[in-house]
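Here's the structure, in structure tokens; my notes come after.
The values are calculated or read from the model by the stated rules, or taken from the named source; none is laboratory data. This structure is a prediction, so every number in the text was calculated from the model and none was measured. Cβ placement follows ideal geometry from the backbone for every residue including glycine, while neighbour counts extend to all protein chains displayed.
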Amino acid sequence: MRLLVIDSGTVLWGQTLMYSAYCLVIISLVWWFATRITRPAGESRITPKVFYTWVGFLAVLGVSLHLVTYNTIPWVKDDLNGSDDYAASYDITVGDHTWQLPEKTMQVPCNELVRFSVTSTDLTYGFGLFREDNSMVAQMQVVPGHDNDLLWTFESDGVYSMRSTEYSGPEGDGMVVPDAVEVTGCDQSEAEGGAR
């Protein structure tokens with residue numbers, strides 16, 4: 001089965017649009033209920049049949065939104081189909097607000113599942129990979145004393161910075177490593193619209 005994976009920016013825009021509409025429908029239910037329940041006795045009141053039909057519609061709509069967007073979220077494919085069979089694995093340590101990388105710029109193959117294994121020696125940090133335009137590619141929380149593995153398949157060439165995406169005190173503001181990851185071997189680059 002082939003999963004449809006599209007640009008994360010498109011997914012975010014679509015989900016923002018759909019969930020905003022869904023919230024407006026829920027707000028309309030609350031408004032409708034409030035205006036009907038506060039009317040004087042004898043005027044039209046909400047019947048259980050109408051109320052539960054509307055609530056049922058909202059439940060079906062909410063579940064449908066999740067099912068429709070389930071396979072379009074970029075990281076789902078790697079998490080569902082991930083295994084111990086990676087093309088490469090990169091062990092990264094973070095502690096005292098400093099990254100320790102296996103090499104200055106990690107060379108990552110294109111269209112291959114890779115693993116970033118990040119270990120914290122002291123605090124909870126975030127591990128995020130960012131495009132040159134500062135949009136996020138992927139991220140995870142890095143908790144000390146736990147396995148923190150991010151599985152990812154890059155589908156376009158590019159150079160990515162690495163940043164902490166979790167608040168870890170004032171010193172965490174400078175936890176940026178420019179040009180931490182370089183992906184090569186793809187048919188297109190991030191600049192040509194290959195973002196996922």
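A compact table of results
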| quantity | calculated |
| --- | --- |
| Test for E166: is it closer than 20 Å to D91 by Cβ, surrounded by fewer than 18 Cβ atoms within 10 Å (Cβ to Cβ) and modelled with pLDDT of 90 or more | no |
| Failed item, numbered, when L123 is tested on (1) part of a loop (DSSP other than H, G, I, E, B); (2) of a type outside the set (F, W, Y); (3) surrounded by fewer than 14 Cβ atoms within 10 Å (Cβ to Cβ) | (3) |
| Leading residue by the ranking (surrounded by the most Cβ atoms within 10 Å (Cβ to Cβ)) among those in the stretch 100-120 that are more than 22 Å from the chain's Cα centre (by Cα) and not aliphatic (A, V, I, L, M) | T105 |
| Qualifying residue in the stretch 184-192 (condition: touching a Phe, Trp or Tyr at 6+ places or on another chain (Cβ under 8 Å) and under 21 Å from D91 (Cα atoms)) | no |
| Search result, residues across the stretch 126-137 that are assigned to a strand (DSSP E or B) and surrounded by fewer than 20 Cβ atoms within 10 Å (Cβ to Cβ) | G126, M136 |
